[in-house]
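J.: Please find one structure pasted underneath; my questions will follow.
What follows draws every value from the coordinates through simple rules; no lab data is involved. Computed from a prediction, not measured in an experiment: that's the story for all the values here. Virtual Cβ from ideal backbone geometry, glycine too; neighbours counted across all protein chains shown.
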Amino acid sequence: MDTQDIQSIELEYLQLSDYQALKTAMISAYPSMPDAYWKEAHIAALIQRFPEGQVVLKINGALAGCALSIRVNESVANKPHSYEDITGQYTFSTHEDQGDLLYGIDVFIKPEYRGLRLGRRLYDYRKELCEKLNLKGIVFGGRIPRYHAHSESMSPKAYIEAVKRKELHDPVLSFQIANDFQPVRALKNYLSMDENSQGMAVLLRWNNIYFEEVNESATTTKRIVRVGLVQWQMRPYEDLEHLMKQVEFFVDAVSGYRSDFALFPEFFNAPLMAKNNHMSEAEAIRSLAEHTQDILVKFQELAISYNINLITGSMPEIRDGQLYNVGYLCRRDGSYERYEKLHVTPDEAKVWGMQGGQKLEVFTTDCGKIGVLVCYDVEFPELSRLLADQGMDILFVPFLTDTQNGYSRVRHCAQARAIENECYVAIAGSVGNLPNVENMDIQYAQSMVFTPCDFAFPSNGIKAEATTNTEMILIADVDLDLLRELHTRGSVRNLNDRRTDLFSLTKKV
């Protein structure tokens with residue numbers, strides 16, 4: 001059909017009054033199966049059971065294509081089955097009103113309307129319906145109509161692989177793969193009348209990245225997450241009580257903007273070492289560790305009181321006689337988790353005698369899955385990749401750097417982690433100076449929130465940035481659904497495209 005003759009293209013729900021036009025269209029669409037058209041009773045049953053699943057495309061008022069579908073449970077679709085099985089011998093008794101998958105029964109375009117990419121419109125509708133109904137995905141048995149020409153020399157598996165590699169073209173399977181449907185398995189004896197496919201079909205699946213499990217509780221996992229970063233000014237404090245008042249001031253300010261997280265810097269409590277400046281550096285840091293449990297208790301109280309998830313930066317802690325650099329995630333529900341700095345800097349080891357930790361894990365929160373890497377750890381890409389493999393959405397990096405070149409290492413490595421792991425990365429550091437604390441003289445920082453670099457994100461990968469070396473808070477919203485879409489539909493897909501056939505990364509237990 002000449003596109004100049006097209007005056008209107010409309011997508012409509014299928015009505016029983018469309019039946020005669022539908023029958024004519026099916027006969028012309030399947031010339032190799034002239035008797036494979038739906039009877040009027042079949043269409044009536046489909047419309048009655050699941051009207052939203054049956055749509056037609058009309059050009060200038062004439063029926064040009066159709067898509068039919070039902071809902072089934074995943075356990076049914078995953079089993080080997082035939083077309084008769086999945087349709088209940090064409091009665092559609094297999095349709096489940098609460099089924100978690102959309103099963104495609106039929107989709108076709110009349111020959112005279114092909115070449116206009118109308119089939120994509122039907123598939124786009126199915127995808128939108130799947131998202132609207134919060135279904136896990138779409139599945140169907142796809143024909144392989146050119147398999148008969150290769151059946152003597154190729155198994156169904158070999159044929160499917162050749163089509164995937166674009167060594168062969170199959171008008172149905174190639175189209176499905178181009179529309180983001182992935183082959184799951186071969187279905188033998190799927191449709192006996194389909195001689196061109198030798199009775200074979202391919203179970204194809206498209207996953208709904210926005211699917212959410214039904215939550216019976218009143219709480220939900222947030223998709224738009226607000227993060228607050230505290231760019232902390234180093235200044236003298238009389239004691240722990242005065243320092244924690246300043247902490248509460250920032251928690252109050254960040255939570256006032258209804259933030260879901262507040263991130264504090266590494267060693268934000270270092271000013272408390274001022275009164276121990278007569279000690280050696282190693283003794284002073286161990287004296288500072290005496291405050292860690294009291295600080296944890298206060299952060300737990302603040303998380304509950306201000307209804308915010310708090311990431312405490314990091315603090316020295318002594319366990320079994322060894323000195324570690326640790327921090328805590330204090331959730332607003334009262335629970336908490338401990339994380340450790342795994343790589344200590346040469347200076348931390350030499351001056352303080354600090355040891356590297358052992359724990360590396362993703363933490364589940366009411367705002368997605370998060371990871372925490374302390375300062376130097378973000379310069380080791382393996383750590384964040386292991387966290388990304390566990391589904392991390394946001395990586396938090398509390399840091400402390402004294403010079404601009406030290407800060408640049410943290411900053412640029414953190415941004416690289418956002419790109420390669422397709423996640424958000426938030427970094428927060430301290431500014432100012434502590435002239436009366438040895439080994440903590442001066443700090444340089446610019447707190448930032450990084451994103452992947454793709455069309456849905458800032459082109460430079462920077463969501464928000466603080467003013468350099470100025471005490472302040474930084475607030476930014478991040479959309480977790482954009483990450484889901486990036487994982488499957490991004491311009492490049494760093495996580496998905498890794499050559500795991502050549503290399504692998506594992507965490508030692």
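J.: Could you tell me how many degrees, from 0 to 90 and to the nearest 10, lie between the Cα long axis of helix 480-489 and the main elongation axis, the longest principal axis, of the Cα atoms of the chain?
T.: 50
J.: Also, I was wondering about something else. Extension gain Glu128-Thr470, at 0.36 nm per residue separation less the Cα-Cα distance, in nm?
T.: 118.5 nm
J.: Follow-up question, since we're still on this one. If you take every residue apart from Glu74 with its C-beta less than 13 Å away from the C-beta of Glu74, what net charge results, scoring Lys and Arg +1 and Asp and Glu -1?
T.: +1
J.: How large is ³J(HN,Hα) for each residue in segment 257-263, as worked out from phi by the Karplus curve 6.51 cos²θ - 1.76 cosθ + 1.60 (θ = phi - 60°), to whole Hz, x for Gly and Pro?
T.: My calculation for segment 257-263 gives 9, 6, 6, 8, 9, 10, 10 Hz in order.
J.: Based on the Cβ-Cβ distance from Ile304 to Ser93, what FRET efficiency comes out when R0 is 60 Å, to the nearest 0.05?
T.: The formula returns an efficiency of 0.70 here.
J.: Something else now. Report, in whole Å, the centroid distance computed from the Cα atoms of segment 411-447 and segment 388-410.
T.: The distance from the Cα centre of segment 411-447 to that of segment 388-410 comes to 6 Å.
J.: Counting only DSSP beta bridges with both residues in the chain, tell me the antiparallel percent, nearest 5.
T.: DSSP beta bridges in the chain are roughly 75 percent antiparallel.
J.: Modelling each spin label as a point 7 Å along the Cα-to-Cβ direction, I'd like the Thr500/Val214 distance in nm, to one decimal.
T.: 3.1
J.: Something else: What's the exposure ranking of Ser287, Ser17, going from fewest to most Cβ atoms within 10 Å? Display every interim value, and only then the final one.
T.: On the way: Ser287 15, Ser17 8.
Ranked by crowding around the Cβ, least crowded first: Ser17, Ser287.
J.: Give me the number: length gained by fully extending Asn207 to Ile318, i.e. 0.36 nm times residue separation minus the C-alpha to C-alpha distance, one decimal in nm.
T.: 35.3 nm is the gain from fully extending Asn207 to Ile318.
J.: Given the -39500 (n - 2.57) contribution per DSSP H run of 4+ residues, what per-residue ellipticity at 222 nm results for the chain, rounded to the nearest 500 deg cm²/dmol?
T.: Result for the chain, helices only: -8000 deg cm²/dmol.
J.: May I pose another question? For the chain, take the longest principal axis of its alpha carbons; what is the angle in degrees between that and the long axis of helix 240-255, to the nearest 10 within 0 to 90?
T.: 30
J.: Now, a different point. When only DSSP loop residues count, what chymotrypsin sites (Phe, Trp or Tyr not before Pro) in segment 416-509 have their Cβ near at most 16 other Cβ atoms within 10 Å?
T.: Phe455, Phe503
J.: If you don't mind, there's one more thing I want to ask. With angles folded into 0 to 90 degrees, how steeply does helix 40-49 sit against the dominant principal axis of the chain? Use alpha carbons for both and round to 10.
T.: The angle comes out near 20 degrees.
J.: Here's something else I'd like to know. Contour minus end-to-end for Glu40 and Glu382, with contour as 0.36 nm per residue of separation and end-to-end as the Cα-Cα distance? Present the calculation step by step, with values, prior to reporting the outcome.
T.: Numbers: separation 342, 0.36 × 342 = 123.12 nm, distance 5.98 nm.
Here the segment from Glu40 to Glu382 would lengthen by 117.1 nm.
J.: Summing Lys, Arg as +1 and Asp, Glu as -1, what charge do residues with Cβ under 10 Å from the Cβ of Gly99 carry, Gly99 excluded?
T.: Its environment carries a net charge of -2.
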